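The values are calculated or read from the model by the stated rules, or taken from the named source; none is laboratory data. Because the structure is a prediction, the values reported are computed rather than measured. With ideal geometry, Cβ positions are generated from the backbone for all residues, glycine too; neighbour counts draw on all protein chains shown.
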């Protein structure tokens, strides 16, 4: 089964499976990203849109969210819950983003980066679509080791090997694509990697 088929198959029950993401934790996480009002934000690997209300609160009525996911079923679930006119849903792989060069103010990969097959290629695409000086975030409500164990113990072959790159490797990938001021926080119940283009 492909990665796309795996997420399509689980989309209808995804929100029940992902019990770690409490609203309070998500609210706190989004506040820490300090998004600006009016921003054009790409939620990469948006799934069922768990971050959408929190991003909308941060960017305001003039901001926009582009929810991109590989799974059409995930996007259908997202649309059922989120009908806001400022949310645009797009089915596309992270390695080939349908956006103009330097057109976005922020890219967030929440609980999705380990599932991207070609991570270096995705980072290159993210760099291409981000405006100069803007930021890319990888975020999880688990530390790197916790996340690795979570995927390994899932029993699902499609995600068992989906891990975050080691810090040195990730820093090298980000630097290669022009990201500066790279900060990586890895502790129990929180992982954030951030780079500015």
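A few notes on this one:
- Per the listing 78, 94, the residue uniquely touching a helix residue (DSSP H, G or I) at 6+ places or on another chain (Cβ under 9 Å), closer than 22 Å to residue 196 by Cβ and touching a residue at least 12 places away in the same chain (Cβ under 8 Å) is 94.
- Per the listing 13, 62, the residue uniquely more than 16 Å from the chain's Cα centre (by Cα), over 17 Å from residue 141 (Cα atoms) and modelled with pLDDT of 95 or more is 62.
- Against the list (1) surrounded by fewer than 18 Cβ atoms within 10 Å (Cβ to Cβ); (2) in contact with a helix residue (DSSP H, G or I) (Cβ under 7 Å, 6 or more places away or on another chain); (3) assigned to a loop (DSSP other than H, G, I, E, B); (4) in contact (Cβ under 8 Å) with a residue 12 or more places away in the chain, the condition residue 159 fails is (1).
- Candidate set: segment 138-156, residues that are touching a strand residue (DSSP E or B) at 6+ places or on another chain (Cβ under 8 Å) and part of a loop (DSSP other than H, G, I, E, B); chosen: the one farthest from residue 6 (Cα to Cα): 143
- Scanning segment 174-197 for residues that are touching a helix residue (DSSP H, G or I) at 6+ places or on another chain (Cβ under 6 Å), closer than 22 Å to residue 141 by Cβ and assigned to a loop (DSSP other than H, G, I, E, B) yields nothing.
- Elements of type helices (runs of 4 or more DSSP H) contained in segment 10-96, each with 3 or more residues being out of contact with any strand residue (DSSP E or B) (no Cβ under 7 Å at 6 or more places or on another chain) and loosely packed, with under 14 Cβ neighbours inside 10 Å: 23-33
- Unique residue being touching a strand residue (DSSP E or B) at 6+ places or on another chain (Cβ under 7 Å), assigned to a helix (DSSP H, G or I) and either closer than 27 Å to residue 103 by Cα or without any contact (Cβ under 8 Å) to a residue 60 or more places away in the chain (or both) when the list is 135, 171, 128: 171
- The set of residues in segment 100-113 that are crowded, with 21+ Cβ neighbours inside 10 Å and more than 18 Å from residue 56 (Cα to Cα) comprises 111, 112, 113.
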